[in-house]
Amino acid sequence: MQEVMKKRASELLADGTVVRVLGWKNGEFAYDPTPAVFQTVESLEAFVYNDFCASNLSKYLIKFLRQEGKTLVFLKPCDSYSFNQLLTEHRVIRENVYIIGVPCDGKVAEDKLREKGAEGILGIETEGDQIKVKTLYGDLDLNKKECLGERCLSCKSHQVVVFDEMLGENGEENPDCGRFDMVEKLEAMTPEQRFEFWRGELSKCIRCNACRNICPACSCEKCVFDNPASGISQKAAADSFEENMFHIIRAFHVAGRCTDCGECSRVCPQHILLHLLNRKFIKEMNECYGEYQAGAEAGSRAPLVNFTMDDCEPSIIYTKEAGK
Amino acid sequence: MQVNNEFRPKIVAFCCNWCSYAGADLAGTNRANYPADVKIIRVPCSCRVNPMFILRAFQRGADGVILCGCHPGDCHYTTGNYYARRRMTMLFSMLSYLGIEKGRTRVEWVSAAEGAKFAATMNEFVETITALGENKRLEDLRCKK
Ligand code: SF4
Ligand code: SF4
């Protein structure tokens, strides 16, 4: 796939369709490819694409919003939802972007490989559902399914929803992904248990803001978390209240706009299960206001900027189900 | 808050200027009783209330927070309370999900003519919160003296 992508990128750069290519290049470690911009055919030498390329490129397009020329971007299914969401919010201009859709059957998480004993990772090769991980200490043959990142295990859709051309075959939605299973488990607990669970999770937060920085839905130019005068910009939470507040507000700000791309949980250095907060909102909105998938369609109106005359009352939360 | 070894809840009530605040006024002129534990904060519209306000109230020591606005359909700004309704539903859902006791937050629609309803709602809410006791799960110890 990498070579096909490189070839298309060189062609489009050479014939002037696009002036820059947004892709990935190797980062500090082989398992950590970083988003990169390529402006010449020669520089594409460094272009990489493999099963470690998990990062969502759509957010990086905001940077080119006011720049001349078209940008070529490679979008995986979950990234394409984010792209639509950014379109809806006028943070990217469709005409300025040339999208090549790449099918995806999941990305490999480095910590899963470590669990399987891979140290000193140098590279990865994929053959169908088998992966070959090259390490300093020799090659490891592993089953790809067992090494997928958490979010890929409950992927909502393998379909690229917006593209100019597609490399390979587009996938389909995956409604039976079971992405709300864990939310349901939590809902079935008593409030005390839930409180304990979330204390355990949220008290790990070091307020590095990575979850906010990576999020394609967090696209405001000025964020309260960037403002040192707000007193809440970037500091470790002093007590349980601050932990709660940051996470409630972060999740609330993206409620109805979160495409469930899973980037926040992926980048959290503390492995906090942030998607459980986002998915709670998604699930609750689906139940209260009808099914809605952010980013499935550009221009759709999110539940929280919409209403009907006979919406349920907030008290429904208290009466919904016993134990909730 | 403990007063003479007895728990007195601190309640913050966000009331919209056009209906509920006037409703509270009417409760006063009608001499309907409701506990002094309720502190009213006047807002232009129920929709003005950011989820952050509610969290802040808890941080600064509230034991219960109630939002009152015009009845759906009667908003002075036509649709403000419809948005507030969705927002609060989601906030309450999240609070409950995080393990905060049900009932610490509430939304009630009170019109300017409903002084009696205002007083009754507040009496009821104070009772609920007194039964729930002090807000421990959303407190900021630094703000408590
Ligand atoms: S990425 Fe994780 S540790 Fe960093 S601020 Fe977000 S939740 Fe906290
Ligand atoms: S909140 Fe997390 S899952 Fe949702 S759009 Fe942002 S990064 Fe993606």
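Bear in mind these aren't lab numbers, they're just calculated from the coordinates by the rules spelled out. Model, not experiment: these values are computed from the prediction. Counting neighbours? That spans all protein chains shown, and the Cβs are built from the backbone with ideal geometry, glycine included.
If we count every other residue with Cβ under 11 angstrom of A:CYS312's Cβ, Lys/Arg +1 and Asp/Glu -1, where does the sum land?
Details: positive: A:LYS320, B:ARG85, B:ARG86; negative: A:GLU284, A:GLU287, A:ASP310, A:ASP311, A:GLU313.
Charge balance near A:CYS312 sits at -2.
Please compare each pair in A:LYS112/A:LYS320; A:LYS76/A:LYS116; A:LYS7/A:LYS63; A:LYS59/A:LYS283; A:LYS107/B:LYS136; A:LYS144/A:LYS283 to a cut-off of 32 Å on the Cα-Cα distance and tell me which ones are over it. Checking Cα-Cα distances, A:LYS112/A:LYS320; A:LYS107/B:LYS136 exceed 32 Å. Once Lys and Arg get +1 and Asp and Glu get -1 on their Cβ, which of B:SER111, B:ILE129, B:LEU55 lies farthest toward the positive end of the dipole of chain B? Farthest towards the positive end: B:LEU55.
Quote the relative contact order of segment A:187-324 in percent (integer), defining contacts as alpha-carbon pairs under 8 Å separated by 6+ residues.
Details: 120 pairs, mean separation 39.3, N = 138.
Contact order relative to length: 28 percent.
Compute the signed sum of charges (Lys and Arg +1, Asp and Glu -1) over the other residues within less than 12 Å, Cβ to Cβ, of A:GLY299. Don't jump to the answer; show the numbers that get you there.
Details: positive: A:ARG94, A:ARG301; negative: A:GLU89, A:GLU297.
Every neighbour counted, the sum reads 0.
The charge dipole of segment B:35-145, taken about its Cα centre with unit charges on the Cβ of Lys, Arg, Asp and Glu (plus for the first two, minus for the last two), comes to roughly 480 debye.
Which angle between 0 and 90 degrees, to the nearest 10, do you get for helix A:240-253 versus the longest principal axis of chain A when only C-alpha atoms count? On a 0 to 90 degree scale, this one is about 60.
With point charges of +1 on the Cβ of Lys and Arg and -1 on the Cβ of Asp and Glu, referenced to the Cα centre of segment A:42-85, which listed residue (A:SER58, A:LEU75, A:GLN85) lies farthest in the positive direction of the dipole? Farthest along the dipole direction, towards plus: A:GLN85. Report summary: the helix-based calculation at 222 nm, which adds -39500 (n - 2.57) for every DSSP H run with n ≥ 4 and divides by the residues of chain A, gives -8500 deg cm²/dmol. Maximal additional length on extending the A:ASN227-A:ILE62 stretch stands at 57.4 nm, based on 0.36 nm per residue less the C-alpha distance. Contact order for segment A:4-102, expressed relative to its length and based on alpha carbon pairs under 8 Å spaced 6+ residues apart, stands at 26 percent. Using a Gaussian network model of chain B in which every pair of alpha carbons under 10 angstrom is joined by a spring, one finds that among B:THR130, B:THR29, B:THR79 the greatest mean-square fluctuation is at B:THR29. Would you mind checking the tilt of helix A:2-14 against the longest principal axis of the Cα atoms of chain A, expressed as 0 to 90 degrees and rounded to 10? Approximately 70 degrees, to the nearest ten.
Taking label positions 7 Å along the Cα-Cβ direction at both B:ILE41 and A:SER203, the computed distance is 2.8 nm, reported to one decimal.
FRET efficiency for the pair B:ASP74 and A:TYR318, taken as 1/(1 + (r/R0)^6) with r the Cβ-Cβ distance and R0 = 25 Å, rounds to 0.55. For chain A, the relative contact order works out to 16 percent when only alpha carbon pairs closer than 8 Å and six or more residues apart are counted.
Within the listed set A:CYS288, A:CYS264, A:CYS211, the Gaussian network model of chain A (springs between alpha-carbon atoms below 10 Å) gives the highest mean-square fluctuation for A:CYS288.
Subtracting the Cα-Cα distance of A:ALA14 and A:VAL267 from 0.36 nm times their residue separation leaves 87.6 nm of extension gain. Rounded to the nearest 0.05, the FRET efficiency derived from the C-beta distance between A:GLU169 and A:GLU297 at R0 = 25 Å is 0.70. By the Kirkwood approach, averaging reciprocal distances over each pair of separate Cα atoms, segment A:180-324 gets a hydrodynamic radius of 16.5 Å. Over segment B:6-145, the pair-distance histogram of Cα-Cα distances with 5 Å bins from zero comes to 2, 11, 21, 23, 20, 14, 7, 2, 0 percent, rounded to whole numbers.
Using a simple charge model, +1 on the beta-carbon of Lys and Arg, -1 on the beta-carbon of Asp and Glu, nothing else, what dipole does segment A:180-324 show about its Cα centre, in debye to the nearest 20?
Working: 17 positive and 21 negative charges, 107 e Å.
Using only the charged Cβ atoms, the result is roughly 520 debye.
Share of pairwise Cα-Cα distances greater than 42 Å in the protein assembly as shown is 25 percent (whole percent).
Under 5 Å from the amide H of A:GLY123 lie the amide H atoms of A:LYS134, each residue being 5 or more positions distant or on a separate chain, with H modelled from the backbone and absent for Pro and chain starts. One chain, two ends: A:MET182 and A:GLU28. Fully extended at 0.36 nm per residue, the span grows by 52.1 nm beyond their Cα-Cα distance.
Seen from B:ILE129, the other residues with C-beta closer than 11 Å to its C-beta sum to a net charge of -2, counting Lys and Arg as +1 and Asp and Glu as -1.
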